[in-house]
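The values are calculated or read from the model by the stated rules, or taken from the named source; none is laboratory data. Note that the coordinates shown come from a computational prediction; the quantities given were computed from them, not determined experimentally. Neighbour counts are summed over all protein chains in view; Cβ atoms, including those assigned to glycine, are modelled from backbone coordinates with ideal geometry. In case anyone asks, the SASA skips ligands and DNA or RNA and just uses the protein heavy atoms, side chains included. Shrake-Rupley method; radii C 1.70, N 1.55, O 1.52, S 1.80 Å.
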Amino acid sequence: HRIDAGEDVVAEATARFSKVLDDAIETKLTDPEKIAACGTSRGGFMAVQFAAADPRVKAVAAFAPVTDLMALREFAGAKRRDLVDRLSLKQQAEKLAGRAVWLIIGDRDDRVSTDESIVFCRAVTAASLKHKKPALVDLHGIAEPQGHTTPKGAAELAAPWIAAQLGTAK
């Protein structure tokens, strides 16, 4: 409904996230050089959007993320297709070029589309290579017969990857 009304809900949310990060840095709750974002499904979508909007995010991990809103049945009748298309994660590839992106998804996730996740990852890699930046995309497609779910062991795979990206690995 909000997108059909022309509201860019992603810009609104990422601005709020940046403000929270500003406060966390200002109050010394976090090291500004060690920022990562992560989320699952729509939360993964927003984590990637946040990383694209705020260059302080050094790494982003997404678990079975929405990468294209049109893959969701809720957007099938979207009136503002232009805005929905603009919010697709592949449209953020240029902003993510050279940034660390980690994604895990089941091999048959029809809810958020395994295929669209692959398209997104390839777009970030292509943008990175085009700009002669390191291609730091880790894509994990895992056999997952349950469809849309976080594959088992995903957190255990993501945690050391995030630590390595932030230089905090032990």
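Listed values, structure above:
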| quantity | calculated |
| --- | --- |
| Residue list for region 156-170, filter: at pLDDT 95 or above and either part of a loop (DSSP other than H, G, I, E, B) or open to solvent by 40 Å² or more (accessible area, probe 1.4 Å) (or both) | E156, L157, A159, P160, A164, Q165 |
| Selection status of S113, farther than 18 Å from R42 by Cβ and among the small types (G, A, S) | no |
| Options K90, K79, K28; residue that is open to solvent by 10 Å² or more (accessible area, probe 1.4 Å), modelled with pLDDT of 95 or more, part of a loop (DSSP other than H, G, I, E, B) and over 19 Å from Q165 (Cβ atoms) | K28 |
| Boolean, F120 is open to solvent by 20 Å² or more (accessible area, probe 1.4 Å) and touching a residue at least 12 places away in the same chain (Cβ under 8 Å) | no |
| Unmet criterion (only one of (1) closer than 20 Å to V10 by Cβ; (2) touching a residue at least 24 places away in the same chain (Cβ under 8 Å)) for G106 | (1) |
| Flag if E74 is surrounded by fewer than 16 Cβ atoms within 10 Å (Cβ to Cβ) and farther than 24 Å from A158 by Cα | yes |
| Test: residue in region 8-24 that is over 20 Å from A61 (Cα atoms), open to solvent by 80 Å² or more (accessible area, probe 1.4 Å) and in a loop (DSSP other than H, G, I, E, B) | no |
| Residue count for region 31-62, restricted to those that are out of contact with any Cys (no Cβ under 9 Å at 6 or more places or on another chain) and part of a strand (DSSP E or B) | 8 |
